[in-house]
Amino acid sequence: MMDNQLAPDRQVGLFSAMRESATERLTATAARLFQERGLTRVGINEIIREADVARMSLYNNFKSKEDLALAAYSAVSKNRQDAVDAAIAASDGPEAAILAIFDLAVDLASRASFRGCAFIDLAAHAGLNDARLLDLARGHKAALRGRFSRLAQQAGRSDPETLARQLLALWDGSLTDAFIEGDTAPISAARSAAEHLLRQGE
(Lines give C-alpha, C1' and ligand atoms only; values in the text may rest on other atoms or scores of the structure.)
Protein backbone atom coordinates (compact mmCIF):
# COMPACT_ATOMS: atom_id res chain seq x y z
CA MET A 1 0.00 0.00 0.00
CA MET A 2 1.35 3.43 -0.92
CA ASP A 3 2.09 5.87 1.90
CA ASN A 4 -0.48 8.40 0.68
CA GLN A 5 -3.29 5.86 0.70
CA LEU A 6 -5.43 5.15 3.75
CA ALA A 7 -6.70 1.75 4.72
CA PRO A 8 -10.50 1.44 4.30
CA ASP A 9 -11.11 1.50 8.05
CA ARG A 10 -9.02 4.67 8.41
CA GLN A 11 -10.88 6.23 5.47
CA VAL A 12 -14.18 5.53 7.21
CA GLY A 13 -12.81 6.99 10.44
CA LEU A 14 -11.59 10.12 8.69
CA PHE A 15 -14.91 10.59 6.90
CA SER A 16 -16.74 10.12 10.21
CA ALA A 17 -14.56 12.74 11.91
CA MET A 18 -15.14 15.21 9.06
CA ARG A 19 -18.88 14.57 9.23
CA GLU A 20 -18.91 15.09 13.00
CA SER A 21 -16.98 18.31 12.55
CA ALA A 22 -19.51 19.63 10.03
CA THR A 23 -22.37 18.60 12.31
CA GLU A 24 -20.80 20.38 15.27
CA ARG A 25 -20.18 23.55 13.25
CA LEU A 26 -23.71 23.59 11.88
CA THR A 27 -25.23 22.94 15.30
CA ALA A 28 -23.13 25.55 17.09
CA THR A 29 -23.70 28.16 14.39
CA ALA A 30 -27.44 27.55 14.32
CA ALA A 31 -27.64 27.74 18.11
CA ARG A 32 -25.83 31.08 18.12
CA LEU A 33 -27.84 32.63 15.30
CA PHE A 34 -31.19 31.36 16.56
CA GLN A 35 -30.49 32.82 20.01
CA GLU A 36 -29.28 36.12 18.59
CA ARG A 37 -32.12 36.71 16.13
CA GLY A 38 -34.85 34.15 16.65
CA LEU A 39 -35.72 30.92 14.88
CA THR A 40 -37.82 32.43 12.10
CA ARG A 41 -35.36 35.21 11.22
CA VAL A 42 -32.44 32.96 10.36
CA GLY A 43 -32.27 31.18 7.03
CA ILE A 44 -30.52 27.98 6.04
CA ASN A 45 -28.20 29.80 3.61
CA GLU A 46 -26.93 32.06 6.36
CA ILE A 47 -26.24 29.11 8.65
CA ILE A 48 -24.32 27.31 5.91
CA ARG A 49 -22.27 30.43 5.16
CA GLU A 50 -21.52 31.18 8.82
CA ALA A 51 -20.63 27.55 9.57
CA ASP A 52 -18.37 27.47 6.50
CA VAL A 53 -19.61 24.09 5.30
CA ALA A 54 -20.83 22.83 1.95
CA ARG A 55 -24.57 22.82 1.37
CA MET A 56 -24.44 19.05 0.96
CA SER A 57 -23.02 18.78 4.49
CA LEU A 58 -26.23 20.25 5.84
CA TYR A 59 -28.46 17.84 3.97
CA ASN A 60 -26.22 14.89 4.84
CA ASN A 61 -26.69 15.65 8.53
CA PHE A 62 -30.15 17.23 8.84
CA LYS A 63 -33.30 16.54 6.88
CA SER A 64 -34.83 19.96 7.54
CA LYS A 65 -34.38 23.27 9.31
CA GLU A 66 -36.54 21.89 12.11
CA ASP A 67 -34.15 18.98 12.59
CA LEU A 68 -31.24 21.42 12.78
CA ALA A 69 -33.17 23.58 15.24
CA LEU A 70 -33.85 20.54 17.40
CA ALA A 71 -30.15 19.69 17.49
CA ALA A 72 -29.17 23.29 18.18
CA TYR A 73 -31.64 23.90 21.00
CA SER A 74 -30.96 20.46 22.48
CA ALA A 75 -27.30 21.47 22.73
CA VAL A 76 -28.25 24.77 24.36
CA SER A 77 -30.52 22.93 26.80
CA LYS A 78 -27.78 20.49 27.77
CA ASN A 79 -25.28 23.32 28.30
CA ARG A 80 -27.75 25.24 30.46
CA GLN A 81 -28.69 22.19 32.52
CA ASP A 82 -25.02 21.30 32.99
CA ALA A 83 -24.37 24.84 34.22
CA VAL A 84 -27.30 24.62 36.65
CA ASP A 85 -26.06 21.28 37.95
CA ALA A 86 -22.57 22.70 38.43
CA ALA A 87 -24.00 25.65 40.40
CA ILE A 88 -25.99 23.24 42.56
CA ALA A 89 -22.98 21.00 43.18
CA ALA A 90 -20.86 23.97 44.25
CA SER A 91 -23.46 25.19 46.77
CA ASP A 92 -23.63 24.59 50.50
CA GLY A 93 -27.10 23.12 50.91
CA PRO A 94 -30.36 23.19 48.91
CA GLU A 95 -31.40 26.74 49.76
CA ALA A 96 -28.02 28.11 48.72
CA ALA A 97 -28.29 26.04 45.54
CA ILE A 98 -31.63 27.64 44.65
CA LEU A 99 -30.12 31.10 45.03
CA ALA A 100 -27.05 30.01 43.06
CA ILE A 101 -29.33 29.23 40.11
CA PHE A 102 -30.43 32.87 40.13
CA ASP A 103 -26.78 33.93 40.32
CA LEU A 104 -26.26 31.87 37.17
CA ALA A 105 -29.03 33.88 35.52
CA VAL A 106 -27.07 37.06 36.28
CA ASP A 107 -24.07 35.53 34.51
CA LEU A 108 -26.16 34.62 31.47
CA ALA A 109 -27.72 38.09 31.30
CA SER A 110 -24.31 39.75 31.49
CA ARG A 111 -23.16 38.22 28.21
CA ALA A 112 -23.16 40.31 25.04
CA SER A 113 -25.13 37.60 23.22
CA PHE A 114 -27.95 37.55 25.81
CA ARG A 115 -31.44 37.84 24.31
CA GLY A 116 -33.59 36.61 27.18
CA CYS A 117 -34.62 33.01 27.73
CA ALA A 118 -33.81 31.02 24.59
CA PHE A 119 -36.66 28.58 25.26
CA ILE A 120 -39.35 31.19 25.81
CA ASP A 121 -38.18 32.67 22.51
CA LEU A 122 -38.28 29.24 20.87
CA ALA A 123 -41.83 28.61 22.08
CA ALA A 124 -42.89 32.04 20.81
CA HIS A 125 -41.42 31.51 17.34
CA ALA A 126 -42.32 27.86 16.84
CA GLY A 127 -45.58 27.28 15.01
CA LEU A 128 -48.44 25.39 16.60
CA ASN A 129 -47.61 22.43 14.37
CA ASP A 130 -43.95 22.37 15.44
CA ALA A 131 -44.70 19.81 18.14
CA ARG A 132 -41.10 18.61 18.50
CA LEU A 133 -39.76 22.11 19.11
CA LEU A 134 -42.53 22.95 21.56
CA ASP A 135 -41.92 19.67 23.38
CA LEU A 136 -38.22 20.56 23.62
CA ALA A 137 -39.04 23.95 25.15
CA ARG A 138 -41.51 22.35 27.58
CA GLY A 139 -38.99 19.67 28.47
CA HIS A 140 -36.29 22.22 29.23
CA LYS A 141 -38.61 24.16 31.53
CA ALA A 142 -39.79 20.96 33.20
CA ALA A 143 -36.18 19.97 33.86
CA LEU A 144 -35.42 23.27 35.59
CA ARG A 145 -38.67 23.11 37.55
CA GLY A 146 -37.75 19.58 38.58
CA ARG A 147 -34.44 20.78 39.96
CA PHE A 148 -36.18 23.54 41.93
CA SER A 149 -38.68 20.99 43.26
CA ARG A 150 -35.99 18.53 44.30
CA LEU A 151 -34.04 21.26 46.09
CA ALA A 152 -37.19 22.52 47.81
CA GLN A 153 -37.94 18.99 48.98
CA GLN A 154 -34.39 18.59 50.28
CA ALA A 155 -34.84 21.86 52.15
CA GLY A 156 -37.87 20.36 53.90
CA ARG A 157 -40.57 22.45 52.26
CA SER A 158 -44.09 21.06 52.63
CA ASP A 159 -45.18 21.84 49.06
CA PRO A 160 -42.04 21.67 46.93
CA GLU A 161 -43.90 21.54 43.62
CA THR A 162 -45.74 24.83 44.22
CA LEU A 163 -42.54 26.48 45.39
CA ALA A 164 -40.76 25.15 42.29
CA ARG A 165 -43.39 26.73 40.04
CA GLN A 166 -43.04 30.03 41.87
CA LEU A 167 -39.26 29.94 41.52
CA LEU A 168 -39.47 29.10 37.82
CA ALA A 169 -41.89 31.98 37.27
CA LEU A 170 -39.40 34.31 38.96
CA TRP A 171 -36.57 32.92 36.83
CA ASP A 172 -38.48 33.26 33.54
CA GLY A 173 -39.86 36.70 34.28
CA SER A 174 -36.54 38.08 35.43
CA LEU A 175 -34.70 36.84 32.34
CA THR A 176 -37.30 38.41 30.08
CA ASP A 177 -37.22 41.74 31.92
CA ALA A 178 -33.41 41.72 32.05
CA PHE A 179 -33.33 41.54 28.26
CA ILE A 180 -36.00 44.20 27.78
CA GLU A 181 -34.38 46.59 30.25
CA GLY A 182 -30.80 45.76 29.35
CA ASP A 183 -30.04 45.38 33.04
CA THR A 184 -29.58 42.51 35.51
CA ALA A 185 -31.58 44.36 38.19
CA PRO A 186 -34.75 42.26 37.52
CA ILE A 187 -32.77 39.11 38.26
CA SER A 188 -31.43 40.56 41.50
CA ALA A 189 -34.98 41.43 42.47
CA ALA A 190 -36.14 37.90 41.61
CA ARG A 191 -33.35 36.45 43.74
CA SER A 192 -34.52 38.55 46.67
CA ALA A 193 -38.08 37.33 46.10
CA ALA A 194 -36.80 33.74 46.05
CA GLU A 195 -35.08 34.35 49.39
CA HIS A 196 -38.35 35.66 50.79
CA LEU A 197 -40.21 32.56 49.60
CA LEU A 198 -37.61 30.33 51.20
CA ARG A 199 -37.86 32.19 54.51
CA GLN A 200 -41.64 31.86 54.48
CA GLY A 201 -41.32 28.10 54.33
CA GLU A 202 -39.04 27.83 57.33
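The values are calculated or read from the model by the stated rules, or taken from the named source; none is laboratory data. Every value quoted in this text rests on a predicted model; they were computed, and no experiment measured them. Glycine also receives a Cβ, built like all others from the backbone with ideal geometry; neighbour counts cover every protein chain displayed. The area values use the complete protein model at the heavy-atom level, side chains included, leaving out ligands, DNA and RNA. Shrake-Rupley method; radii C 1.70, N 1.55, O 1.52, S 1.80 Å.
Quick notes on this structure:
- When PHE148, PHE179 are compared by accessible surface with a 1.4 Å probe, the order from highest to lowest is PHE179, PHE148.
- Per residue accessible area in Å² of the chain, where ligands, DNA and RNA are left out and the probe is 1.4 Å: 55 Å²
- Dipole moment magnitude, nearest 20 debye, the chain about Cα centre, only Lys, Arg, Asp, Glu C-beta charged: 480 debye
- Surface share of carbon and sulfur [accessible, 1.4 angstrom probe, percent] for the chain: 51 percent
- Residue-level accessible surface for ARG165, protein heavy atoms, 1.4 Å, Å²: 130 Å²
- In this label model, ALA112 and ARG165 are separated by 4.1 nm, measuring between points 7 Å along each Cα→Cβ vector.
- Solvent-accessible area of ARG55 with every protein chain in place, 1.4 Å probe, in Å² to the nearest 10: 110 Å²
- Ranking HIS125, HIS196 from most to least accessible surface, computed with a 1.4 Å probe over the protein chains only, gives HIS196, HIS125.
- Radius 13 Å from Cβ of THR184, net charge of other residues (Lys, Arg +1; Asp, Glu -1): -3
- When SER21, SER158, SER192 are compared by accessible area of protein heavy atoms, the largest-first order is SER158, SER192, SER21, using a 1.4 Å probe.
- Partners for LYS141 among lysines (Cα-Cα distance below 24 Å; same-chain residues under 8 apart left out): LYS65, LYS78
- Reported value for segment 128-202: 89 Å³ per residue, from the convex hull of its C-alpha atoms.
- Residues whose amide H falls under 5 Å from that of THR184, counting only those 5 or more places apart or on a different chain, are absent, with hydrogens built in the peptide plane.
- The chain, Cα convex hull volume normalised per residue, Å³: 156 Å³
- Residue-span extension gain [HIS125 to ILE44] - 0.36 nm each, minus C-alpha spacing: 27.6 nm
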